[in-house]
Amino acid sequence: MDRIRLIGGNELRGEIPISGAKNAALPLMIASLLTAEPLVLTNVPRLADVKQLERILENHGVDIAVHGRRRGEAEGVGQRMTFTAGEIVDTTAPYELVSKMRASFWVIGPLLARCHEARVSLPGGCAIGTRPVDLFLHGLKALGAEIDIDDGYVVARAPKGGLVGATVRFPKVSVGATHTILMAATLARGTTIIENAAQEPEISNVAECLVAMGARISGIGTQTLTIEGVEKLHGATVEVIPDRIETGTFAMAAAMTGGDVLLRGARPEHLQAALDVLEKAGVELTTEAHGLRVRRNGNGIQPVDVDTDPFPGFPTDLQAQFMALMTMSTGTSRIRETIFENRYMHVAELARFGADIAVDGQVATVRGKPQLKGAQVMATDLRASVSLVIAGLAAKGETVVNRIYHLDRGFERLEEKLSRCGAEIERVAG
Ligand code: UD1
């Protein structure tokens, strides 16, 4: 299994290009199931999760083409890919494929809308809580679907003539359930209103894509989405938005090591809550024409208390990285994880660097220390893994991060992007 070896202590200086957002690319790819015509996506990141979803879509009969770099396009820009679901050949998403990635469960929405039936294995994904599917089922049932759970599979059938528009009020905000019901409603008969919808920028990226495909959606970017069903959707070309979690991660890395980094292509408005927190911590942030500049002057990092929340709040996907930053603050900070009940697996690993963190239920209390020390650590989930890398960048001496396959699920060319800015970091195979 590959490992990452790094020597901490170097400041980060230079430019880091921000890749397309994994959490937008995945549902956009899934949206291709809604039409027989080609959906072209640009700026798709090269990630293990994208590859995994390709396998799932191919199993349903989607034809996938990856296009070469266009003339004049810089090296490292995202992929341009075409997804054509001319005919859905199989409405089952099997356990072997779905268990590897939770987001693949979302195919249930488009399959049900277009083929009026779907059989999808209950999902897997990062082990960061129980992550049930009750909200998905609540929404699909509201649109008229009949649902059975059979042998680990959700078996869903639409009424004769297809799904029927309805008001779906989610008792809790869910990104995945919002994507799924939004996609399903585009082809339902009549009007669907989704109340308490997730407002993440990735949801808006998908909604705009659906509109480009002929869907009728209003309220994009708000808590209430109104969808008037249409008979058919058509092809479109859509760009994946830049990854706000990658942006926040590199901003925190630069804050930890010091230096001056331009995050090229970053969209600050997609992570304002996190940037506000970083500014309070004493990080200098400047929005420039080509992205976001992050600097840390010689002053120490101030402790800041944070609660994770659905967008526009502080993202749970930056909680581990922020905790890494707080381990070297000049005081005590409290972090409250409100989205997932088991998302503190990185705490034990951060302690190996000498960090002082106490967890009590949802709340982690982090007492800052002037200097972390390099260590052997183990990646546990996607975002936790990268928190160990950024802690290692700031720690004194050598750090080895084991089990980095989690990182490859969600971070494109991480070592390369960091080493170009002066980090001493390498991947060790085997
Ligand atoms: C998405 C993101 C993930 C991020 C999360 C929260 C993708 C591919 N993944 O995951 O990176 O951490 O949003 O911002 O976009 N829940 C239920 N019942 C359900 C569905 C969810 O109780 O039917 C709960 C979950 O257990 C969790 C909370 O709702 O506690 C939020 O989960 P959700 O927003 O659905 O996360 P994902 O869509 O899985």
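Taking all Cα pairs closer than 8 Å and separated by 6 or more residues, the relative contact order of the stretch 300-427 comes to 22 percent.
What does the C-alpha gyration tensor say about the overall shape of the stretch 225-365? Classify as rounded when a/c is under 1.5, otherwise prolate if a/b is larger than b/c, or oblate.
Details: a/c = 2.54, a/b = 1.43, b/c = 1.78.
Oblate is the answer for the stretch 225-365, as a/c is 1.5 or above yet b/c matches or exceeds a/b.
Relative contact order of the chain: 21 percent, from C-alpha pairs under 8 Å at least 6 residues apart in sequence. The trypsin sites (Lys or Arg not before Pro) of the stretch 1-84 that DSSP puts in a loop, and whose beta carbon has at most 15 other beta carbons within 10 Å, are 46, 69, 70, 71. Could you tell me the center-to-center distance, by alpha carbons, between the stretch 239-264 and the stretch 183-228 in angstrom? So the two Cα centres are separated by 29 Å.
Shown for the chain: the carbon plus sulfur share of the solvent-accessible area, taken with all protein chains present and a 1.4 angstrom probe, equals 46%.
If Lys and Arg each add +1 and Asp and Glu each add -1, what is the summed charge of the other residues whose beta carbon sits under 11 Å from the beta carbon of residue 86? Don't skip to the end; give the middle numbers.
Values: positive: none; negative: 37, 63, 87.
Summing Lys/Arg as +1 and Asp/Glu as -1 gives -3.
FRET efficiency for the pair residue 351 and residue 96, taken as 1/(1 + (r/R0)^6) with r the Cβ-Cβ distance and R0 = 41 Å, rounds to 0.70.
Taking every DSSP beta bridge that has both residues in the chain, what percent is antiparallel when rounded to the nearest 5?
Numbers: 57 of 81 bridges.
Restricted to the chain, the bridges split so that about 70 percent are antiparallel.
Structural size metrics of the chain, computed from C-alpha coordinates, are Rg and Dmax of 21.6, 67 Å. Placing dummy labels 7 Å off each Cα toward the beta-carbon, the span from residue 160 to residue 272 is 5.1 nm.
For the stretch 154-199, what's the relative contact order in percent, using C-alpha pairs closer than 8 Å and at least 6 residues apart?
Working: 54 pairs, mean separation 23.4, N = 46.
It rounds to 51 percent for the stretch 154-199.
Counting lysine pairs in the chain whose alpha carbons fall under 24 angstrom apart, excluding pairs fewer than 8 residues apart on the same chain, gives 15. A simple spin-label model places pseudo-atoms 7 Å from Cα toward Cβ; at residue 358 and residue 341 they are separated by 2.4 nm.
Let me make sure I get this right: for the stretch 348-424, a, b and c are the square roots of the gyration tensor eigenvalues over alpha carbons, sorted descending. Under 1.5 in a/c it's rounded, otherwise prolate if a/b > b/c, else oblate. Which is it? Each step should come with its number before you reach the end.
Details: a/c = 2.10, a/b = 1.35, b/c = 1.55.
Since a/c reaches 1.5 but b/c is at least a/b, the shape of the stretch 348-424 is classed as oblate.
I'd like the orientation of helix 382-394 relative to the chain: the angle between its Cα long axis and the longest Cα principal axis, in ° from 0 to 90, rounded to 10. Around 20 degrees separate the two axes. Here the dipole of the chain is about 500 debye; that uses its Cα centre as origin and unit charges on the Cβ of Lys and Arg (positive) and Asp and Glu (negative).
Were the residues from residue 151 through residue 299 laid out at 0.36 nm apart, the gain over their Cα-Cα distance would be 47.5 nm. Residue by residue, the stretch 98-106 carries 3J(HN,Hα) couplings of 6, 5, 7, 7, 4, 4, 5, 4, 4 Hz when phi is fed to the Karplus relation 6.51 cos²θ - 1.76 cosθ + 1.60 (θ = phi - 60°); x denotes Gly or Pro.
Once the other residues with Cβ under 13 Å from the Cβ of residue 214 are scored (Lys, Arg +1; Asp, Glu -1), what is the net sum? Write out the running numbers ahead of the final one.
On the way: positive: 216, 232; negative: 37, 208, 228, 231.
Charge balance in the 13 Å sphere: -2.
Using θ = phi - 60° in the Karplus curve 6.51 cos²θ - 1.76 cosθ + 1.60, the 3J(HN,Hα) couplings for the stretch 350-356 round to 4, 4, 5, 7, x, 5, 10 Hz; x is entered for Gly and Pro.
Taking amide H as placed 1.01 Å from N in the peptide plane, residue 154 has its amide H under 5 Å from the amide H of 120, 121, 122, each at least 5 places away in sequence or on another chain. Could you tell me whether the stretch 1-66 comes out rounded, prolate or oblate from its Cα gyration tensor? Rule is a ≥ b ≥ c as square roots of the eigenvalues, rounded for a/c under 1.5, then prolate if a/b exceeds b/c, otherwise oblate. Cα axes put the stretch 1-66 in the prolate bin. Rounded to the nearest 500, the 222 nm mean residue ellipticity of the chain from helices alone is -8500 deg cm²/dmol, with -39,500 (n - 2.57) taken per DSSP H run of at least 4 residues. Both radii come from the Cα set of the stretch 175-293: Rg as radius of gyration, Rh as Kirkwood radius; their ratio Rg/Rh reads 1.10. Accessible surface computed residue by residue for the chain, with neighbouring protein chains in place and a 1.4 Å probe, gives 39 Å² per residue.
Scanning residues 5 or more positions from residue 375 or on other chains, those with amide H under 5 Å from its amide H are 399, 400, with H placed 1.01 Å from N in the peptide plane. Put a dot 7 Å past the Cα of residue 403, heading toward its Cβ, do the same for residue 232, and the two dots end up 4.9 nm apart. Less than 5 angstrom separates the built amide H of residue 21 from those of 241, 243, all sequence-distant by 5 or more or on a different chain.
The values are calculated or read from the model by the stated rules, or taken from the named source; none is laboratory data. Owing to the predicted nature of the structure, the values given are computational and were not obtained by experimental measurement. Reconstructed Cβ throughout: ideal geometry from the backbone, glycine too, with neighbour counts over all protein chains shown. For accessibility, only protein heavy atoms count, side chains too; no ligands or nucleic acids. Shrake-Rupley method; radii C 1.70, N 1.55, O 1.52, S 1.80 Å.
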